[in-house]
Amino acid sequence: MSPFNKNNKGQLFSTDLLFGSTVFLFILSLVILTSNQFFDQWFLWKQDRLRNETAQNISNALLYNTGQPADWENQTDLNGITSIGLAKNRNELATKKVQKIGELSSEHYDAVKDLLAASQYEIHVTIRELQSGNAIASFGQEPAYGKPVSAVTRIARYNEQTALIQVKVSEK
Amino acid sequence: MTGGFVVSLDALVAATLLFSILLVSFFYFTHIPAQAQNTAILKKTASDLLTVLEKNGELERAVQQDSASGIENFWAPLSSAVCVKIMVFSQNDFSQPVLSATRSTCTENFSNSATLNRSFVVQNGFNARFFVARITAWQKG
């Protein structure tokens, strides 16, 4: 018997195929939707984590390190400065370094961010007196409205007082 | 005649497996490192407090005056989300603290905390006594 017999039933659009295709498309769309949601969440989480880490790293750099060279605050420009730190000892900030970073960040904000390894973010640092809450010094750029922000608050000594150092890192 | 199934039982099992892997990895990536990050933050807070208390001379003063009121005043302006307890032990006796203080708004009810110890010296004329300050920080639940 010829395989091309006109009486043979066509199989292409059978009920099985239609049912199978429907289930397949349903599962495929479910997989795509869930994967999208997963990767969106994962991306947000990763973005958040990297920003938090940057805020932590900046606070560590400012509170624990003197910078490189250690007397970078005496330099007239940023040439030769490889890292910035505000500490004269651990958790003790040097007044002159705080003043200098304020000047530098108002003139060379991007370069200061580079030295703090935060070039892809906006940074803002405020030093407040612990007891009164009054701001003693600040530098950087306040986060834009609605942008995700990571904030880290640390405790240190500044000018013979106890101070809170708040580092805010925000998306550009 | 045998029906041709595009989606077989194998595919359903594979899809279930894929969902499970996605869910488990999402939980792992978000939940576990977040807890590790919280612990790291608590450690930093405890370390900052201990360092500044030592540099301010509050620890030494508290032992000399046998009172933790200076320490309590020191941490009073901190954010209420931060809970701290400090215990000071004499170098020879870790069974009973010579003084102890907990932030007034906090109860010791935590699942995640960070504890640090630091030794310090209390000078009294030519006499030097060694003490250990133990600080525990946690977030208010």
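Read-outs throughout are calculated quantities, based only on the coordinates presented, and are distinct from any laboratory measurement. None of the values given here were measured: they were computed from a predicted structure. All Cβ positions, glycine included, derive from the backbone under ideal geometry; neighbour counts span all protein chains shown.
Structure above, values below:
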item: Three-way shape label, the range A:50-136, alpha-carbon gyration tensor, a/c 1.5; result: rounded
item: Relative contact order (percent, whole number), the range B:18-138, Cα cutoff 8 Å, 6+ residue spacing; result: 28 percent
item: Cβ-defined net charge surrounding B:LEU59, 15 Å radius [Lys, Arg +1; Asp, Glu -1]; result: +1
item: Helix-only mean residue ellipticity at 222 nm for the protein assembly as shown, each DSSP H run of n ≥ 4 adding -39500 (n - 2.57), per residue, nearest 500; result: -15000 deg cm²/dmol
item: About the Cα centre, charge dipole magnitude for chain B (Lys/Arg +1, Asp/Glu -1 at Cβ), debye; result: 160 debye
item: Residue mean of other protein chain beta carbons inside 10 Å, A:19-28; result: 4
item: Positive-pole candidate from A:TRP42, A:VAL31, A:GLY67, dipole of the protein assembly as shown, charges at beta carbon; result: A:VAL31
item: Modelled FRET efficiency - R0 51 Å, B:GLN65 with A:GLU142, Cβ distances, 0.05 increments; result: 0.75
item: Cα gyration tensor, the range B:48-141 - rounded (a/c under 1.5), prolate or oblate; result: prolate
item: Magnitude of the charge dipole, the protein assembly as shown, Cβ model with Lys/Arg +1 and Asp/Glu -1, debye to 20; result: 440 debye
item: Gain in span if fully extended, A:GLN37 to A:SER14, counting 0.36 nm per residue against the direct Cα distance; result: 4.8 nm
item: Sorted by Cβ density within 10 Å, fewest first, the residues A:TRP45, B:TRP75; result: A:TRP45, B:TRP75
item: Computed P(r) (all Cα pairs; the range B:88-127; 10 Å bins; percent); result: 19, 43, 30, 8, 1
item: Ranked list, fewest to most other Cβ atoms within 10 Å of each Cβ, for A:ILE101, A:ILE32; result: A:ILE32, A:ILE101
item: Most fluctuating residue given options A:GLU142, A:GLU107, A:GLU92, as computed from a GNM of chain A linking Cα atoms under 10 Å; result: A:GLU107
item: Computed FRET value (nearest 0.05) for A:SER21 with B:LEU17, which takes r as the C-beta separation and R₀ as 25 Å; result: 0.70
item: Pair A:GLN47, B:ALA34: separation of 7 Å Cα→Cβ label points (nm); result: 1.7 nm
item: 25 Å tail of the calculated P(r), chain A, as % of Cα pairs; result: 49 percent
